[in-house]
Amino acid sequence: MDKFKEIRRILIIILFFNWLVAFAKLIYGLVTKSAAMTADGVHSFADGASNIIGLVGIWAASKPVDEDHPYGHKKYETIATLGIAVMLFLASFDIIRDSFLRLFHPVAPDVNIFSFGLMAAGFLINMAVMKYEYKKGSELSSDVLVCDSIHTKSDMFVSGAVIVTLISTKLGFPIIDTIVAFIIGILIARAGFEILKKSSDVLCDGEAIEKAKIAKVMSSIPEVKSIHKIRTRGRQDDVHVDLHVIVNTNMHVSTAHELSHRISDTLKEKIPGITDVIVHIEPSK
């Protein structure tokens, strides 16, 4: 439970900074008629909306094991990342659509020193948020924090692109504002696909740990002659392992039972994140 409280605290902090930057970019982008800055503001606002989705997901994931959910509710956190991906796709579609409209109805944005300062401040805030969020997400094995940091990282590069756009507009090439807004839309969609792939790997029981890593740990147990049919699934902080172990034919049932417990304990100790191990003992031929 303490882990989920920490994740909630981090999401609330990040939500504040994301929306602070978002409102500043959106208001200034609309006032100055800058497509790129408005697009970047929408992206930052989506960052904040994704934090709210994350908070809902964490609330559901923090529920304890019950009779109907013997494996717990942790995958609700992963499901929440799908909501983050949807937010990104919607923002991407809206920005790309507006970019095409700008080609037929061009508007020259107003560029001054304040706009440069605003984008530079947003870039630095995004960088700090991204590093902090990714670090905490890795430490806490949180899908929501790691995926949201991917979102924030794309926002950081987008802000850099907008700075370039403002410079080009000041030099007399306003069309680049529209082009960069389109590129921003593509970058946002790409971030959505990255999150979607990561989440689907968990929800569709993709391999969570490399077989070679499991085999290396098992090689340290002398009673184990060989292993096969290694399967792993789950989230980084809740990995389930299933494997078949070959032992001597004359091994007593009680000894085999003790060995299966030792195998489980060894894997959990050597590989962080493993929470459940099913060992199938088989006699050698």
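Points worth noting:
- Residue ID - surrounded by the most Cβ atoms within 10 Å (Cβ to Cβ), chosen from residues in the range 171-207 that are over 28 Å from F116 (Cα atoms) and β-branched (V, I, T): I195
- Cβ separations smaller than 6 Å between residues 6+ apart or across chains give the following pairs from the range 154-166 residues that are under 14 Å from A121 (Cα atoms) to residues that are among the small types (G, A, S) and at pLDDT below 70: D155/S44; V162/A36.
- Counted residues, the range 231-253 - those being of a type in the set (S, T, Y) and either closer than 27 Å to S142 by Cβ or modelled with pLDDT of 90 or more (or both): 1
- H105, sole failed condition from (1) open to solvent by 50 Å² or more (accessible area, probe 1.4 Å); (2) modelled with pLDDT under 75; (3) touching a helix residue (DSSP H, G or I) at 6+ places or on another chain (Cβ under 8 Å): (3)
- Test result for K270, touching a residue at least 24 places away in the same chain (Cβ under 8 Å), open to solvent by 20 Å² or more (accessible area, probe 1.4 Å) and touching a strand residue (DSSP E or B) at 6+ places or on another chain (Cβ under 9 Å): no
- Residue match in the range 206-228 (condition: within 30 Å of S284 (Cβ to Cβ), modelled with pLDDT of 90 or more, in contact with a helix residue (DSSP H, G or I) (Cβ under 7 Å, 6 or more places away or on another chain) and assigned to a strand (DSSP E or B)): yes
- The residues of the range 219-234 that are in contact with a His (Cβ under 6 Å, 6 or more places away or on another chain) and free of Cβ contacts under 8 Å to residues at least 24 places away in the same chain amount to a single one, H228.
- Any hit, the range 34-48, residues being open to solvent by less than 50 Å² (accessible area, probe 1.4 Å), part of a helix (DSSP H, G or I) and either at pLDDT 75 or above or polar (S, T, N, Q) (or both): yes
- Some residue of the range 208-220 being in contact with a Phe, Trp or Tyr (Cβ under 6 Å, 6 or more places away or on another chain) and open to solvent by less than 20 Å² (accessible area, probe 1.4 Å): no
The values are calculated or read from the model by the stated rules, or taken from the named source; none is laboratory data. For clarity, every value in this text was computed on a predicted model and none was experimentally measured. Because the Cβ atoms are built from the backbone with ideal geometry, glycine has one as well, and the counts that use them run over all protein chains shown. Keep in mind that these areas ignore ligands, DNA and RNA; they rest on the heavy atoms of the full protein, side chains included. Shrake-Rupley method; radii C 1.70, N 1.55, O 1.52, S 1.80 Å.
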